[in-house]
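Q: Have a look at the structure that comes next, please.
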Amino acid sequence: MNTEDHEAAVALGQALPEYFNDQGIAEMTDEIPQEDGALAEVDGKLVGFVTWAIHDGIGRIGWIAVSGAHHRRGIGRRLVAAAEDDLSAAGIDVLEVDTLGESIDYEPYERTRAFYRSVGFQSLKSVMLDNPGMPEMLTLQKRIGAAD
Ligand SMILES: CC(C)(COP(=O)(O)OP(=O)(O)OC[C@H]1O[C@@H](n2cnc3c(N)ncnc32)[C@H](O)[C@@H]1OP(=O)(O)O)[C@@H](O)C(=O)NCCC(=O)NCCS
């Protein structure tokens, strides 16, 4: 992803305000350029992206989003697969992602958790945070690569 892609990815995130508040957009803007990434395009237009990084030998999804008009077409699944392929090739066999926890009654993230579970993630741990945007942070984990 080049600088133009980073800006387009943030714009895609801004178009999903149910999922990304101002703080999330600010963090996304800072973090996306530091991570590896993959894009999904339809007719040359960005419709989805994922970013990832390796921390302490574990792959972590930083940010993932698909434009609302393109949800439920298998794009998110393919983006996660792209991250897994890259990480597996680097010898990484565990992938984690943080998201809003189950105790927070907020329907959009029920869909997000359903997505992660559908592509093979399982709950690892959950912590309560003093953060109105993320009062409970759930970490999900998936084994990837040969061990999958
Ligand atoms: C989460 C997100 C990236 C998923 O992308 P997507 O392209 O819509 O997902 P896919 O079409 O690949 O879905 C794969 C599977 O996940 C599950 N799934 C996806 N969306 C779902 C929903 N709304 N409700 C229930 N299950 C869902 C399904 O099992 C689906 O397979 P199926 O359509 O064959 O039943 C997308 O919905 C999104 O951008 N959400 C907003 C941003 C976000 O939540 N990012 C993560 C922040 S932690």
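Read-outs throughout are calculated quantities, based only on the coordinates presented, and are distinct from any laboratory measurement. Values in this document were obtained by computation on a predicted structure and should not be read as measured data. Cβ coordinates were reconstructed from backbone atoms using ideal geometry, including for glycine residues, and neighbour counts include every protein chain displayed.
Q: Suppose each label sits 7 Å from its Cα in the direction of the beta carbon; what would the Glu136-Thr3 distance come out to in nanometres?
A: Here the modelled spin labels are 4.2 nm apart.
Q: Divide the volume of the convex hull of the Cα atoms of the range 3-147 by its number of residues and quote the answer in cubic angstrom per residue.
A: Values: hull volume 16.9 nm³, N = 145.
It is 116 Å³ per residue.
Q: Could you work out how much longer the chain between Glu18 and Lys45 gets when fully extended? Use 0.36 nm per residue separation minus the Cα distance between them, nm to one decimal.
A: Additional length available on full extension: 7.5 nm.
Q: By how many nm would the segment from Glu107 to Ala11 grow when fully extended, if each residue of separation counts as 0.36 nm and the alpha-carbon distance is taken off?
A: Details: separation 96, 0.36 × 96 = 34.56 nm, distance 2.27 nm.
Stretched fully, the Glu107-Ala11 segment lengthens by 32.3 nm.
Q: Follow-up. Scanning the chain for trypsin sites (Lys or Arg not before Pro) in DSSP loops with at most 15 other Cβ atoms within 10 Å, what's the longest stretch left with none? Could you put the intermediate results ahead of the total?
A: Working: sites that count: Arg72, Arg73.
Here the longest segment lacking exposed loop sites spans 74-148.
Q: Then there's this: Kindly provide the helix-only [θ] at 222 nm of the chain, computed as the sum of -39,500 (n - 2.57) over DSSP H runs of four or more divided by all residues, to the nearest 500 deg cm²/dmol? Working shown, then result.
A: On the way: 4 runs with 49 residues, N = 148.
-10500 deg cm²/dmol, from helical runs alone.
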